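Below you'll find the structure, written out as structure tokens, and then a few comments.
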Amino acid sequence: MRKSLIIALGTALAGCSLMPDYQRPEPPVAAQWPQTAQPDGVRKAAELDWRSFFPDQKLQALIAAALEHNRDMRIAAARVEEARALYGIARADRLPNVDVAGSGQSVRTPGDLSPTGSRLTSHRYDVGFSLLSFELDFWGRVKSLNEASLASYLATEEARRALHLSLISEVANAYFTLLEMEERTRLAHETVKSREETRTMIARRREVGLAGDLDFLQADGALEQVRAELASLQRQQAAAANALALLVGRQPSSLPEGRALPDQGIVADLAADLPAEVLLQRPDVLAAEKRLIAANANIGAARAAFLPRISLTAGLGTASSALSGLFGGGSESWNFQPALRLPLFDGGRISSGVDLAEARKVIAVAEYEKTIQQAFREVADLLAARTHLVEQLRAQQAAEKAQSERLRLTQARYKAGVTSHLEVLDAQRESFSAQQATVQTRSAGLTAAAQLYKALGGGGG
């Protein structure tokens, strides 16, 4: 009966834990999206593979190469392996370490120290199983450390997923930027050619007295201005290409034919459910929550340091005076050595450890809430951008068409001698600006769609 009582008491103590019960903080955001955000949509980003969302085959090849070769992605994958190994070490601490050990010893005793008065030589050989310093986790200290290590590992895995999704979005954004700069550079080349023709025409008109020096200087100045704009656009195009190459890590040997900016075919019909349902499934939010769980578990380990720590060291085997007798004829040997350690005075080290763990939990809670707030703002901004950029592009295309028609009419009036060349220059500038703005707006819409896919926790694939 006494043995049964001891076993029951040990079982009850083993179930004790000083780790606080984890309570997920309430999301510090509104229950609904702002009125400016339009959450309506058909497809759910979390269920949508990135290859389905980005139909451009060249972009798909670049994203696949980036996921394989990008250095940040490699670091993140290695971090996951590091965290997994640390979790394996922490988990192993909950189990006893049993070793097979063998030893031999020879001792010569001088005659004046020998009980028989004669010099003696003795031999001893041991072999057996040993259990070294296994802690009985009565207060859940080792369990809490194991829980903290597991949560840290899972946080690292979620962080890798977040980087995976961010990299997809960043490659798409860099690709759209490069297409934008190529399109704008092409328009600038065409404008340079057109203004060169205009300057040549005015030079001829000046020769026959139909135009003055002022008209020629205006045409020459307008040409040089657009040449400067072309050089700036070429510089930006080179920078965009370099940025994309850095993200990809290693340029694929061959790429399929890509689509032009207006032909990307991205449909941003992504649905945004209630904020709590969307945000809590994002990998960056999940990573922040796992870090919070780890901080919560570390409090249990810190509290358990106040209580006694009981460890066991034991061994079971055979011993013999001859090596040949270890496995036949040897004598049974065993040792059992429990140890109890109870802190009495440590200068406040353990108490400070608890304070440190609790302070880190407060930090983790604040970081978790901040991550949710940032995610809420990101999604709300992109939902609003999705709607307004469509309207902006529609209006910008109409403005471009109007400016193009104005330029055509103004040039015809100038050739007929009805209007001045200054009005032609003004129409050229406005038409060129409208063309550039249309390309920029279209690129902004595609970039917003890629960012919305990431913000809503896209499936990644």
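The values are calculated or read from the model by the stated rules, or taken from the named source; none is laboratory data. This is a predicted model, so every value here is computed, not measured. Every residue, glycine as well, gets a Cβ built from its backbone with ideal geometry; the counts of neighbours run over all protein chains shown.
Brief remarks follow.
- Across segment 9-24, the qualifying residues are those that are modelled with pLDDT under 80 and of a type in the set (Ser, Thr, Tyr), and the one among them that is nearest to LYS143 (Cα to Cα) is SER17.
- Any chance ALA437 is part of a helix (DSSP H, G or I), within 22 Å of VAL171 (Cα to Cα), within 43 Å of the chain's Cα centre (by Cα) and at pLDDT 85 or above: no
Residues checked against (1) out of contact with any helix residue (DSSP H, G or I) (no Cβ under 9 Å at 6 or more places or on another chain); (2) under 24 Å from ARG186 (Cα atoms):
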residue	(1), (2)
PHE376	no, no
ALA398	yes, yes
GLN403	no, yes
ALA412	yes, no
LYS415	no, no
HIS421	no, no
LEU446	no, yes
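- Check on GLN38, of a type in the set (S, T, N, Q) and modelled with pLDDT of 90 or more: no
- In segment 203-229, the qualifying residues are those that are more than 58 Å from the chain's Cα centre (by Cα) and assigned to a helix (DSSP H, G or I), and the one that is nearest to GLU430 (Cα to Cα) is LEU214.
Every residue, every condition in (1) farther than 30 Å from ASP40 by Cβ; (2) over 32 Å from the mean Cα position of the chain (by Cα); (3) outside the structural domain of GLY128 (by TED's automatic domain parsing); (4) not in a helix (DSSP H, G or I), yes or no:
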position	(1), (2), (3), (4)
GLU332	yes, yes, no, yes
PHE336	yes, yes, no, yes
ASP355	yes, no, yes, no
VAL362	yes, no, yes, no
VAL365	yes, no, yes, no
GLN373	no, no, yes, no
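- TYR414 falls short on exactly one of the conditions (1) surrounded by fewer than 17 Cβ atoms within 10 Å (Cβ to Cβ); (2) modelled with pLDDT under 90, and that condition is (1).
- Criterion (under 30 Å from GLN23 (Cβ atoms) and surrounded by 20 or more Cβ atoms within 10 Å (Cβ to Cβ)) met by exactly one of ALA427, ALA375: ALA375
- Any hit, segment 386-407, residues being closer than 26 Å to GLY41 by Cα and in contact (Cβ under 8 Å) with a residue 60 or more places away in the chain: yes
- Residue in segment 379-394 that is closer than 14 Å to GLU430 by Cβ and out of contact with any Cys (no Cβ under 6 Å at 6 or more places or on another chain) present: no
- The condition of being in contact with a Pro (Cβ under 8 Å, 6 or more places away or on another chain), in contact (Cβ under 8 Å) with a residue 12 or more places away in the chain and not in a loop (DSSP other than H, G, I, E, B) holds for only one of ALA301, ALA287, ALA276, ALA240, that being ALA276.
- With respect to the conditions (1) within 30 Å of the chain's Cα centre (by Cα); (2) crowded, with 22+ Cβ neighbours inside 10 Å, PHE432 falls short on a single one, namely (1).
- Residues in segment 103-130 that are touching an Asp or Glu at 6+ places or on another chain (Cβ under 8 Å) and either touching a residue at least 40 places away in the same chain (Cβ under 8 Å) or at positive phi (or both): GLY104, PHE129, SER130.
- Test: residue in segment 156-175 that is of a type in the set (Phe, Trp, Tyr), surrounded by 20 or more Cβ atoms within 10 Å (Cβ to Cβ) and within 30 Å of GLU82 (Cβ to Cβ): no
- The set of residues from segment 274-298 being touching a Lys or Arg at 6+ places or on another chain (Cβ under 8 Å) and modelled with pLDDT under 90 comprises just one member, ASN298.
- Filter result for GLY417 (over 18 Å from LEU223 (Cα atoms) and within 44 Å of the chain's Cα centre (by Cα)): no
- For segment 104-158, taking the residues that are over 28 Å from ALA295 (Cβ atoms) and hydrophobic (A, V, I, L, M, F, W, C), the one that is modelled with the lowest pLDDT is identified as LEU131.
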